[in-house]
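So the structure is just underneath, and the comments pick up after that.
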Amino acid sequence: MSLITSLTRMRLTRSVKPFIFNNEYDNELPFDECDQLGLYVHIPFCRKICSFCPYCKQPYDRELCNKYIDSLLKEIDLVTANMRDRPKEVTSLYFGGGTPALAGGRLKEIIDALNKHFDIKDGIGLELHPDDMKVANLNLIKNVGVSKISIGIQSFQDKYQDILGRKSVDSQLIKDTLSQVSFETVSMDFIFALPGQTFEDIKRDIDTAFEIGANHIAIYPFIDFDFTSSKIPAMSKKEKRALLDKVTDYCESKGYERNSIWTFANTHEASYSSMTRDNFLGFGCSATTLLKDQFKINTFSVEAYCKRISDKQFPTSLTIRFAKRQRMVYYLFWKLYSTRLNPKEFETFFDASFDKMYGFEFRLAEKLGYLQKEKDGSYKMTHKGAFYYHYYEQYYTLAYIDKMWGIMKNEAFSEKIEL
Ligand SMILES: C[S@@+](CC[C@H](N)C(=O)[O-])C[C@H]1O[C@@H](n2cnc3c(N)ncnc32)[C@H](O)[C@@H]1O
Ligand code: SF4
């Protein structure tokens, strides 16, 4: 599996050098020079921990959560201390977790702190657990400026919630709640390829989601991360392919717009993605920052995070300083995840000829039927391309994220990771 990712990396970076993450960082980040910058804030607390979940999280504790938010506000001050232009225009702000609504009472402080330095153009998104779906909670987050929500449904069917070790979801209650408080994007997360799951099961979930108020859905394939304690068996590749093909055909037959490999919307305006931005600044435990020539990851330990901040140091655990080709591969990976790549945008971003760099690979992918060229010169992923990308993304997730997050969960500041 990692052989595939290594070979692809070598081909695309034209180098045998692995991606090297080091335990080093600067106490200043050159984000002022980045256009299309997005913001991300991580809140690592949950009411109950799900065994299958790979994210950085721990059981909610009111006191610890408050201490964490105090540190988060200080991290914002530290990171923005040397800004030249204020406020800087940014695309969007996403709150993820964990369960960010558990810090609902303090979201305003975080948003105010960010608004002092940034001008957020495309709205604020926040992840919700079904238990957060109460009118008072939704009003609270809406009043502080949240315009997009994403609800972790996973499945409307009890048998799959049982497999996942989660409670059943009351779709009528969610419908009633959503009918009282509106948002520009209402996204719902589902997990597919659970043992025994059929296309009919997923189709019913998709239909229910759009019926009860979603205008966007994310259908993630179940990933069995090595470092989680999940005992859920993964579905065979063949069954998964058949399911994904049917789901894609179904969503397309309903006219839903695919805006990334695993997401579909029933209106052009609905969008929810914290990952598909050219550059982003991440705050909080495990949050990542991607800039022109570097990528950094904050520590996964809440305690170590608070300690670094109280020492007025960045909470960075690992940094990779990209060679230009490596940064290009990163760019291609996330652009293709959004199913579309515009060579002109690539050229503006890198000040380099797309044709010289990747013309051969993209023409080949077009010939093989993975991509098709649009009138404006953009490449759009075909059905077939999206399927193979979906596989590649899973390989990537297992080869890179599984290894890295597995180490970072156990070591607050690891020495070096080579991928
Ligand atoms: C941070 S959670 C969403 C918000 C909230 N914490 C919740 O669980 O409802 C992000 C999403 O990742 C997806 N996810 C988590 N673990 C996964 C796994 N092992 N495989 C695939 N998707 C997963 C789930 O769909 C989940 O809703
Ligand atoms: S899936 Fe959501 S609720 Fe469950 S542990 Fe992960 S972040 Fe927390």
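When segment 18-54 is filtered for residues that are more than 16 Å from ligand 1 (Cβ to nearest atom) and part of a strand (DSSP E or B), the ones remaining, listed by number, are Ile20, Phe21, Asn22, Leu37, Gly38, Leu39. Does Ile223 satisfy the criteria of being in the same structural domain as Lys254 (by TED's automatic domain parsing), surrounded by fewer than 20 Cβ atoms within 10 Å (Cβ to Cβ) and either within 16 Å of ligand 2 (Cβ to nearest atom) or within 20 Å of the chain's Cα centre (by Cα) (or both)? Yes.
Quick check, is Glu63 charged (D, E, K, R), surrounded by 18 or more Cβ atoms within 10 Å (Cβ to Cβ) and not in a strand (DSSP E or B)? No, not satisfied.
Kindly evaluate Lys148 against the criterion of being over 29 Å from Leu37 (Cβ atoms), assigned by TED's automatic domain parsing to the domain that holds Gln197 and either in contact with a strand residue (DSSP E or B) (Cβ under 8 Å, 6 or more places away or on another chain) or not polar (S, T, N, Q) (or both). So that I can check it myself, show each step before the final result.
Numbers: over 29 Å from Leu37 (Cβ atoms): no; assigned by TED's automatic domain parsing to the domain that holds Gln197: yes; either in contact with a strand residue (DSSP E or B) (Cβ under 8 Å, 6 or more places away or on another chain) or not polar (S, T, N, Q) (or both): yes.
When the stated conditions are applied, Lys148 does not pass them.
There is no residue in segment 236-247 that is exposed (fewer than 13 other Cβ atoms within 10 Å of the Cβ) and at pLDDT 90 or above.
What number of residues within segment 116-149 satisfy the criterion of being among the small types (Gly, Ala, Ser) and within 12 Å of ligand 1 (Cβ to nearest atom)? Show your work before the answer.
We begin by selecting, within segment 116-149, every residue among the small types (Gly, Ala, Ser); these are 123, 125, 136, 145, 147.
Next cut, within 12 Å of ligand 1 (Cβ to nearest atom) only: 125.
Residues flagged as among the small types (Gly, Ala, Ser) and within 12 Å of ligand 1 (Cβ to nearest atom) within segment 116-149 amount to 1.
If you take the residues of segment 241-260 that are outside any helix (DSSP H, G or I), more than 12 Å from the chain's Cα centre (by Cα) and in contact (Cβ under 8 Å) with a residue 60 or more places away in the chain, which of them is farthest from Met328 (Cα to Cα)? Checking each candidate, the answer is Arg258.
The helices (runs of 4 or more DSSP H) falling completely within segment 100-206 that include 3 or more residues that are in contact (Cβ under 8 Å) with a residue 40 or more places away in the chain and surrounded by fewer than 19 Cβ atoms within 10 Å (Cβ to Cβ) map to 135-143, 171-180.
Here is a yes/no grid of residues against (1) in contact with a Gly (Cβ under 6 Å, 6 or more places away or on another chain); (2) within 27 Å of Pro315 (Cα to Cα):
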site: Pro59; (1), (2): no, yes
site: Leu73; (1), (2): no, yes
site: Asn82; (1), (2): no, yes
site: Asp85; (1), (2): no, yes
site: Thr91; (1), (2): yes, yes
site: Gly96; (1), (2): no, yes
site: Asn115; (1), (2): no, yes
site: Lys134; (1), (2): no, no
site: Ile151; (1), (2): no, no
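Of the helices (runs of 4 or more DSSP H) lying entirely inside segment 312-380, those carrying at least 3 residues that are modelled with pLDDT under 90 are 324-337. Considering the conditions (1) modelled with pLDDT under 90; (2) in contact with an Asp or Glu (Cβ under 7 Å, 6 or more places away or on another chain); (3) surrounded by 16 or more Cβ atoms within 10 Å (Cβ to Cβ), His268 is excluded by exactly one of them, (3).
Here's the yes/no breakdown for (1) over 20 Å from the mean Cα position of the chain (by Cα); (2) over 20 Å from Ile124 (Cβ atoms); (3) away from ligand 2 (no atom under 14 Å from the Cβ):
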| position | (1), (2), (3) |
| --- | --- |
| Glu24 | yes, yes, yes |
| Pro30 | yes, yes, yes |
| Gln36 | no, no, yes |
| Arg47 | yes, yes, no |
| Tyr60 | yes, yes, no |
| Val90 | no, no, yes |
| Gly98 | no, no, no |
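For segment 261-284, filtering for residues that are outside any strand (DSSP E or B) and within 30 Å of Thr316 (Cβ to Cβ) leaves 11. Given the condition touching a residue at least 60 places away in the same chain (Cβ under 8 Å), more than 15 Å from Leu332 (Cβ to Cβ) and not aromatic (Phe, Trp, Tyr), answer yes or no: does some residue in segment 362-379 qualify? No, segment 362-379 contains no residue that is touching a residue at least 60 places away in the same chain (Cβ under 8 Å), more than 15 Å from Leu332 (Cβ to Cβ) and not aromatic (Phe, Trp, Tyr). For segment 228-261, residues that are of a type in the set (A, V, I, L, M, F, W, C) and either more than 12 Å from ligand 1 (Cβ to nearest atom) or outside the structural domain of Gly125 (by TED's automatic domain parsing) (or both) total 6.
Just checking, how many residues over segment 321-351 are free of Cβ contacts under 8 Å to residues at least 12 places away in the same chain and surrounded by fewer than 16 Cβ atoms within 10 Å (Cβ to Cβ)?
Just the residues of segment 321-351 that are free of Cβ contacts under 8 Å to residues at least 12 places away in the same chain, to begin with: 345, 347-348, 351.
Narrowing the set further to residues that are surrounded by fewer than 16 Cβ atoms within 10 Å (Cβ to Cβ) leaves 347-348, 351.
So the answer is 3.
Only one entry in Ile191, Ile163, Ile151 is within 19 Å of Lys48 (Cα to Cα) and touching a His at 6+ places or on another chain (Cβ under 9 Å), namely Ile151. Exactly one of (1) acidic (Asp, Glu); (2) within 24 Å of the chain's Cα centre (by Cα); (3) more than 16 Å from ligand 2 (Cβ to nearest atom); (4) closer than 22 Å to Phe52 by Cβ is unmet by Asp131. Its number? It fails just one condition, (3). In segment 382-405, the residues that are on the phi < 0 side of the Ramachandran plot reach residues that are of a type in the set (Asp, Glu) with C-beta atoms within less than 6 angstrom, at least six apart or across chains, in these pairs: Asp402/Asp226.
The values are calculated or read from the model by the stated rules, or taken from the named source; none is laboratory data. All values reported here derive from a predicted model rather than from experimental measurement. Counting neighbours? That spans all protein chains shown, and the Cβs are built from the backbone with ideal geometry, glycine included.
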